[in-house]
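Engineer: Sharing a structure with you now.
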Amino acid sequence: MWDKIALILLIIGGINWGLVGIFELDLVAWLLGGAGSLLARTVYILVAISAIWCISLLFRRDDELAFDTANHRQ
């Protein structure tokens, strides 16, 4: 479950960075009242924590990842 939440947050962060790079539009800041607002900063922090969490995916064995995925489908 945590892996999926982290991946969803990283996708949101990646799309946001893409929008910043292409259109100079920070969608998170625009939707949540500016980059300095508490809500926007919370999203930025959650995306950063998700990135740190996903580092662990690089060091997990393939059989552990397959086992976790198979258990969540049932």
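The values are calculated or read from the model by the stated rules, or taken from the named source; none is laboratory data. Predicted model only: the values in this text are computed from it and were never measured. All Cβ positions, glycine included, derive from the backbone under ideal geometry; neighbour counts span all protein chains shown. Ligands, DNA and RNA are stripped out before the accessible areas are found, and what is left, the full protein with its side chains, is counted by its heavy atoms. Shrake-Rupley method; radii C 1.70, N 1.55, O 1.52, S 1.80 Å.
Engineer: Using beta carbons and a limit of 6 Å, which pairs, at least six apart or on different chains, have the first residue in the range 4-15 and of a type in the set (Gly, Ala, Ser) and the second one open to solvent by less than 80 Å² (accessible area, probe 1.4 Å) and modelled with pLDDT of 95 or more?
Structural biologist: Ala6/Ser50; Gly13/Val47
Engineer: Right, here's the next one. For the range 1-43, which positions are aliphatic (A, V, I, L, M), surrounded by 15 or more Cβ atoms within 10 Å (Cβ to Cβ) and either at positive phi or within 11 Å of the chain's Cα centre (by Cα) (or both)?
Structural biologist: Within the range 1-43, Ala6, Leu9, Leu10, Ile12, Val43 qualify.
Engineer: Out of the residues in the range 60-74 that are open to solvent by 100 Å² or more (accessible area, probe 1.4 Å) and either at pLDDT 90 or above or outside any helix (DSSP H, G or I) (or both), state the one that is nearest to Met1 (Cα to Cα).
Structural biologist: The qualifying residue nearest to Met1 (Cα to Cα) is Gln74.
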